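S.K.: One structure follows; several queries about it will come next.
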Amino acid sequence: MKRLCIFAGSSAGARTEYHAAASELGRLLASRNIGIVYGGARVGLMGIVADAALAAGGEVIGVIPAGLVAKEVAHHGLTDLKVVASMHERKALMADLSQGFIALPGGWGTLDEFFEVLTWSQLGLHHKPCGLLNVAGYFDRLLSFLDHSVNERFVRPEYRATIAVATSPSSLLDKLASHRPPLVEKWIDRATT
């Protein structure tokens, strides 16, 4: 993989473990020569993962809407900062620049971005790996809910299985590297969206 898209909170969260995991992930990606594409902010876990990768000599590309640049949250020390018009354009460009996706702990935006790329995968719009870095059990209840969705027949087991989950950055990167997309019929393709 040349680059991974990282979704992460614009807050650092309540636990020091979140900060440590974001830093470790940034350093590890740089050491493996895997670039980062992310939301372009200097704050929260987003900024922590970017700063760690940059300090280790890694490539970090930020994609941020102009409205957030105006609020002075943009990270201006990145390898490249792409300013776009909207959140929709941001998500599309981040996906286009990446060969896979990792979500760290975060709030609504992180969950929105991660579930959107999962939906795109289900629809056959991409076959890129998607993973959750489950730091300090942050995603445990979400994973239980996803299993409940499978049991209630709203999510197919093969789609639930597309989410790689690990508690350490190294384990998660190994799982993403061995990703094999499910062999299911595509619902739509890019030409019909």
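S.K.: Take residues that are aromatic (Phe, Trp, Tyr) and open to solvent by less than 70 Å² (accessible area, probe 1.4 Å) and tell me which of the strands (runs of 3 or more DSSP E) falling wholly in region 82-191 contain 1 or more.
M.R.: Here the list reads 101-103.
S.K.: With the requirement that a residue be within 19 Å of Val83 (Cα to Cα), outside any strand (DSSP E or B) and either open to solvent by less than 10 Å² (accessible area, probe 1.4 Å) or at pLDDT 95 or above (or both), what does region 55-73 give you?
M.R.: Scanning region 55-73 gives a single hit, Glu59.
S.K.: Okay, moving on. Can you list residue pairs whose Cβ atoms sit under 6 Å apart, with the first residue in region 1-20 being more than 20 Å from Asp112 (Cα to Cα) and the second being assigned to a strand (DSSP E or B)? Count only pairs 6 or more apart in sequence or on different chains.
M.R.: Cβ pairs passing all conditions: Arg3/Gly35; Arg3/Val37.
S.K.: Could you please let me know if Tyr18 is aromatic (Phe, Trp, Tyr) and open to solvent by 10 Å² or more (accessible area, probe 1.4 Å)?
M.R.: Yes, satisfied.
S.K.: Just need a number here: residues in region 1-15 that are of a type in the set (A, V, I, L, M, F, W, C) and either crowded, with 21+ Cβ neighbours inside 10 Å or within 15 Å of Asp80 (Cα to Cα) (or both).
M.R.: Of the residues in that region, 5 qualify.
S.K.: Given the conditions (1) hydrophobic (A, V, I, L, M, F, W, C); (2) over 15 Å from the mean Cα position of the chain (by Cα); (3) assigned to a helix (DSSP H, G or I), report the number of the one that Ile48 does not fulfil.
M.R.: (2)
S.K.: Spot the failing condition for Ser31; the list is (1) closer than 25 Å to Asp174 by Cβ; (2) under 18 Å from the mean Cα position of the chain (by Cα); (3) of a type outside the set (A, V, I, L, M), and only one is missed.
M.R.: (2)
S.K.: Just to be sure before I move on: is Ile36 touching an Asp or Glu at 6+ places or on another chain (Cβ under 8 Å), closer than 24 Å to Ile163 by Cα and either open to solvent by 40 Å² or more (accessible area, probe 1.4 Å) or at pLDDT 95 or above (or both) in the structure I sent?
M.R.: yes
The values are calculated or read from the model by the stated rules, or taken from the named source; none is laboratory data. Note that this is a predicted model, so its numbers are computed, not measured. All Cβ positions, even for glycine, are placed from backbone atoms using ideal geometry, and neighbour counts span all protein chains on display. Heavy atoms of the whole protein, side chains included, go into the accessibility calculation; ligands, DNA and RNA do not. Shrake-Rupley method; radii C 1.70, N 1.55, O 1.52, S 1.80 Å.
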